[in-house]
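Shown next, in structure tokens, is the structure this report addresses.
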Amino acid sequence: MAMANVKMTCSECGKEYTVSVKHGSRKAADEFEAYIKSQAGQCPACYRKHQNEKRDSFRFKEAAEIREFDRKNGFPALEGSEKQEAWAVAIRHEAIVSINIFAMGKLYKGAEITAENAQDSAIGIKAFLCGEKSAKFFIDHRDESVQGWLDLISARMS
Ligand SMILES: [Zn+2]
């Protein structure tokens, strides 16, 4: 394990911040450092502001857009009454968006993210969400926080 700690200057507000990421080897950490230094980055506060904007654009307003996203990405139709199903599909979509935004944001908190475990967890999350076919399940978990979803997922995976 090797840490990459990179001092960056926010491209937006000019504040200094540090990006810390754990890598499998010194070489990978150095490569990451060289790469991230060449990027224009934003401090956590500016990043969060942009994520919120991105999140709003990510979040489809129209049911038809969500259906299209689900179809393209292999998320199955849900079982339940027509009304339950439509509601549950929207809840699931919200969960997908929240979890993805959260996973991207973790990079900035110095969480232990490597290319491998990021991919593993993305696959795990998707497998979990695709495996739940009951509309009732999503409706029951409509108030779940991102951490709540991740806890459910890791409980299922272990
Ligand atoms: Zn900033």
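The values are calculated or read from the model by the stated rules, or taken from the named source; none is laboratory data. These figures come from a predicted structure and were not determined experimentally. Note that each Cβ is placed from the backbone with ideal geometry, even for glycine, and that neighbours are counted across all protein chains shown.
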Next item on the list: Quick one: which residue in Glu62, Glu82 is over 18 Å from the mean Cα position of the chain (by Cα) and either surrounded by 11 or more Cβ atoms within 10 Å (Cβ to Cβ) or at pLDDT below 90 (or both)?
Entry: Glu62
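If we scan the range 113-122, do we find a residue that is farther than 16 Å from Ser98 by Cα, modelled with pLDDT under 85 and in contact with a strand residue (DSSP E or B) (Cβ under 8 Å, 6 or more places away or on another chain)?
Checking the range 113-122: at least one residue is farther than 16 Å from Ser98 by Cα, modelled with pLDDT under 85 and in contact with a strand residue (DSSP E or B) (Cβ under 8 Å, 6 or more places away or on another chain).
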Next item on the list: Mind listing whichever residues of the range 1-34 are in contact with a His (Cβ under 9 Å, 6 or more places away or on another chain) and within 16 Å of the ligand (Cβ to nearest atom)?
Entry: Glu12
Check: How many of the residues making up the range 132-158 are charged (D, E, K, R), free of Cβ contacts under 8 Å to residues at least 12 places away in the same chain and part of a helix (DSSP H, G or I)?
Finding: 2
